[in-house]
Structure formats: structure tokens, C-alpha cells
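Asker: Before we start, here is the structure in question, set down as C-alpha cells.
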Amino acid sequence: MKLILLYTGVLSGSYITWLWAGGAVLFLLLCYAIYRQWRQGELLKSELEELDLVRQNNIEYDFVLKAMKIAVWRYDAATKAFVYENDYRDGQGSYVPGQDETYVETLTAIAPAYVDSVNQAFNDICEGRTDFYHQEYQVLNHLAGTSYWEESYATIVERDADGRPAKIVGTSQRIDERKALEASLVTARNKAEESDRLKTAFLANMGHEIRTPLNAIVGFADLLPVVQSEEDRNQLISEIQTNNRKLLRIIDGLVSMSKIEAGAKSLLMAKVDVNQLLQQMADTYQPTTNVTITVECPLPQLQINSDREKLLEILDNLVQNAVKFTAEGTIALSYEVEGNQVRISVTDSGKGIADDDQQRIFERFVKVDEYIPGTGLGLSVAKSHVENLGGQIGVLSALGTGSTFWFTLPLEA
């Protein structure tokens with residue numbers, strides 16, 4: 001009986017031990033299952049975060065490409081083919097290589113003047129002589145019949161077992177606006193340099209231009225008291241008056257240009273009789289030249305609303321210019337009405353103007369013929385006045401056939 005009880009106790013203790021052991025194992029398994037599920041959740045969360053980060057980076061990447069208007073391309077050294085991944089270049093007509101288009105085929109789109117430099121730079125990076133490529137060139141779109149400026153960068157992203165470049169990634173960007181800005185800056189710089197040169201020449205010339213009539217005035221005035229002949233005295237007085245007018249015209253030109261430079265654009269608008277004004281110009285200049293000055297007025301009377309003093313100064317500069325460059329023949333002052341504006345012309349039979357000089361002559365200090373007296377301001381002043389009055393000015397001329405300076409003004413300003 002004792003043995004039975006003892007055996008039963010042993011069995012009970014062993015059972016309890018196994019029960020505790022089984023419970024511990026189940027608990028550990030449950031903990032492992034919970035940990036594994038938590039771990040998988042963390043891994044999934046991490047993967048989702050990475051995926052979201054990649055997606056966000058792609059969005060930012062595309063945004064940068066769009067903002068900078070860049071095309072991204074890849075070049076495979078083995079197949080020698082270009083592949084465009086993204087193309088956000090601005091403007092229609094950008095050249096895009098066809099599917100797996102080779103480098104040689106792509107090179108045909110480069111303007112001939114830039115083919116050698118682009119080819120040399122690209123070969124250098126393909127052969128591993130350099131790690132970086134940068135070129136600016138013109139692209140010809142043969143299908144669209146257009147051309148544009150482009151700038152490209154490239155670098156090596158993968159090498160083969162021998163260390164030679166295997167894959168190259170690059171970007172291309174249209175730079176038409178930048179090139180246009182650069183061209184305008186170069187033009188502005190050249191014009192500024194030319195203006196500075198002309199201004200220096202003008203200042204050197206002004207001493208002679210002012211001194212010549214002034215010396216005549218002073219010299220002839222000193223002779224007046226000692227001249228006994230009435231005819232000689234009248235001749236001296238006439239010379240003094242002529243040189244006085246020359247000096248006044250020079251000073252008036254300087255004053256007018258100074259006002260224009262200062263931005264003075266005040267106008268005194270009133271009714272002006274064009275017929276009377278043209279005749280006044282002819283009567284003023286006819287005694288100063290052997291050339292016949294004629295006035296051609298198609299209408300008995302023409303009145304426009306303009307600034308009389310400015311209009312008088314415009315005509316004075318144009319007629320004075322015609323007198324200086326016309327040794328023989330005629331100078332004709334005329335006008336014609338075109339719609340709501342009048343076109344006034346001063347035509348001479350003088351030496352004419354070369355094509356290259358016909359736009360320059362309206363710039364300050366420009367003198368086509370350095371041997372002809374003048375400040376080089378008259379036509380510039382005339383142009384400024386015409387534009388302030390709402391019109392345009394120009395010239396039609398050819399060497400040896402004379403010139404026609406014309407300007408338009410509105411009938412009613």
C-alpha cells in the first residue's frame with residue numbers, strides 16, 4: 001500500500017513538472033509569435049516609410065527637373081545608344097533622339113560649327129580620359145527647321161571590369177534666353193564703348209567747332225574800327241553775323257542734348273501751320289547756300305497740333321544737315337498726309353549715305369564725314385524730339401544719289 005502511494009506521489013510530481021514545463025514552452029512560443037508579429041510590423045512599417053521616401057524623392061526629383069527645364073539621358077557605351085529618361089525642356093521643337101539612336105546619329109543634330117568640340121569632349125569621357133563633360137552648342141531640328149542653344153553636362157556612373165566607362169548619365173537644358181541675354185549684354189557693352197569713344201572724339205572736336213566761329217567773330221570785330229570802306233565794313237559785319245549764327249547753333253545743340261539727357265520732355269502743344277514752317281526754313285537757309293531750296297506743299301494749308309519750337313528745331317537740324325552735304329543741285333522740303341499723320345521730308349541731291357551708316361547717324365556724336373563741320377548732335381536731337389512728339393524718323397539714301405530724311409507726326413496729338 002505504501003508503495004502504491006509512493007508511486008502515485010511520484011507520478012503526480014512528475015506530471016506537475018511536465019505541466020509546468022509545457023506551460024513555459026507554450027508561453028515562450030506565444031512570446032516569440034508576438035515578437036515575430038511585432039517585428040514583421042516594424043519591417044513593413046520601415047519598408048512603407050522607405051517606399052514613401054522614394055516616392056517623395058521621385059516627386060522632388062521630377063519637380064527639380066521641371067523647374068530647371070532639364071532633360072535627363074543615359075548613354076550605354078556597349079551599344080552606343082542614347083536613352084532619354086525625362087525631358088522637361090522648355091519650348092517646342094527640342095531635338096529628341098529616336099529609340100536607341102546611336103551617338104553618330106545624334107551628332108548630326110549638332111550645328112557644324114560645334115561638332116568637333118562636342119565630339120572631342122564626349123570621346124574624352126567615353127574613353128575615360130575625363131570624368132566630367134560640359135558643352136554649349138547649337139542644335140538643328142531638321143524636321144521643324146529650327147535651331148536653338150543647348151547646354152549639356154555628363155558624368156560616368158558605371159564602369160566595366162577593366163575600369164572603362166560603361167554607362168554615362170547626362171542632362172541637357174535649353175539656354176536660348178541666356179544666350180539672348182549674353183548677346184544683348186555684348187551689344188550693350190560694344191555700344192557703350194563706341195559711345196565713350198565717340199564722346200571723347202566729340203569733346204576733342206568741340207574745341208575746334210566753337211573756336212572757329214568765335215575766332216572769326218573776335219577777329220572781324222577787332223578789324224571793324226580800323227576799316228574805312230563802307231563795303232568792307234558791311235562784309236565784316238556779314239561775316240560776324242554768319243559766324244554768330246554758327247556759334248548759336250552749336251550752343252543750341254548742346255543745350256538741347258543736355259535737356260534730353262536730363263529727361264526734360266515738356267511740350268507746348270498748339271496749332272502749327274506746316275506750310276508756313278517749311279517756307280520759313282527755306283527762307284532762312286537759302287541765303288547761306290548756292291543750292292536751290294524749294295518748298296512743295298500739296299495743300300493750301302495744313303495745321304497740326306504739335307510743339308512749334310520742337311518742330312522748328314527738327315526741321316532746322318535736317319535742313320542744316322542737307323545744306324552741309326549738298327554742294328550742288330537742290331534741296332526740297334515737302335510733306336504728304338497719310339491717314340491721321342503727316343510725313344514731312346527733306347530731300348537733297350548731295351553725296352548720299354552708305355547703308356552701314358544710315359542707322360548710326362541718329363546716334364549721339366556720330367559723324368559720317370569727320371571733315372565736315374558739325375557736332376554730331378543734330379540728327380540725334382531731331383530723333384529725340386520726333387519720338388517725344390509721337391512720331392518716327394528715318395532716312396532713304398544711297399551713295400552718290402542724295403538722301404531723303406523723313407519724319408512722321410500725328411495730325412492731332
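The values are calculated or read from the model by the stated rules, or taken from the named source; none is laboratory data. Remember, it's a predicted structure, so these values are computed and weren't measured experimentally. In this analysis, Cβ positions are derived from the backbone assuming ideal geometry, glycine residues included, and neighbour counts consider all displayed protein chains. Calculation scope for accessible area: heavy atoms of the full protein, side chains included, ligands and nucleic acids excluded. Shrake-Rupley method; radii C 1.70, N 1.55, O 1.52, S 1.80 Å.
Asker: Which of the following residues is more than 35 Å from the chain's Cα centre (by Cα), within 17 Å of Thr284 (Cα to Cα), surrounded by fewer than 22 Cβ atoms within 10 Å (Cβ to Cβ) and not aromatic (Phe, Trp, Tyr): Glu313, Glu328, Glu309, Glu336?
Answerer: Glu309
Asker: Thr155 - would you say it is touching a Phe, Trp or Tyr at 6+ places or on another chain (Cβ under 8 Å), assigned to a strand (DSSP E or B), β-branched (Val, Ile, Thr) and within 16 Å of Lys80 (Cα to Cα)?
Answerer: Yes; evaluated as a whole, the condition is true for this residue.
Asker: Kindly list, by first and then second residue, each pair from a residue in segment 64-79 that is assigned to a loop (DSSP other than H, G, I, E, B) to a residue that is modelled with pLDDT under 85 and of a type in the set (Ser, Thr, Tyr), limited to pairs with Cβ atoms under 7 Å and residues at least 6 apart or on different chains.
Answerer: That search, which allows pairs on different chains as well, returns Lys69/Tyr88.
Asker: Provide a single number: the residues in segment 136-155 that are among the β-branched types (Val, Ile, Thr) and either modelled with pLDDT of 90 or more or open to solvent by 30 Å² or more (accessible area, probe 1.4 Å) (or both).
Answerer: The total comes to 2.
Asker: Right, next: Would you be able to tell me the number of residues in segment 113-125 that are out of contact with any helix residue (DSSP H, G or I) (no Cβ under 8 Å at 6 or more places or on another chain) and either in contact (Cβ under 8 Å) with a residue 24 or more places away in the chain or loosely packed, with under 14 Cβ neighbours inside 10 Å (or both)?
Answerer: Qualifying residue count for the region: 7.
Asker: Only one of Tyr114, Tyr133 is modelled with pLDDT of 90 or more and part of a helix (DSSP H, G or I); which?
Answerer: Tyr114
Asker: Of the conditions (1) charged (D, E, K, R); (2) under 33 Å from the mean Cα position of the chain (by Cα); (3) modelled with pLDDT under 85, Arg189 satisfies every one except a single condition; which number is it?
Answerer: Every listed condition holds for Arg189 apart from (3).
Asker: Right, here's the next one. Only one of Leu267, Leu248, Leu299 is free of Cβ contacts under 8 Å to residues at least 40 places away in the same chain, of a type outside the set (Phe, Trp, Tyr), surrounded by fewer than 16 Cβ atoms within 10 Å (Cβ to Cβ) and under 20 Å from Phe407 (Cβ atoms). Can you tell me which?
Answerer: Residue meeting the stated conditions: Leu299.
Asker: Need pairs with beta-carbon distance below 7 Å; first residue surrounded by 12 or more Cβ atoms within 10 Å (Cβ to Cβ) and within segment 211-237, second modelled with pLDDT of 85 or more; sequence gap 6+ or separate chains.
Answerer: Ile217/Ile240; Phe220/Ile240; Ala221/Ile240
Asker: Report, by residue number, each residue of segment 332-356 that is closer than 22 Å to Ile250 by Cβ and of a type in the set (Asp, Glu).
Answerer: The answer is Asp348, and nothing else.
Asker: If you don't mind, another one. Consider only pairs whose beta carbons are under 6 Å apart and that are at least six residues apart or on different chains; among these, list those whose first residue lies in segment 160-175 and is over 29 Å from Tyr95 (Cα atoms) and whose second residue is aromatic (Phe, Trp, Tyr) and not in a loop (DSSP other than H, G, I, E, B).
Answerer: Partner pairs satisfying both residue conditions: none exist.
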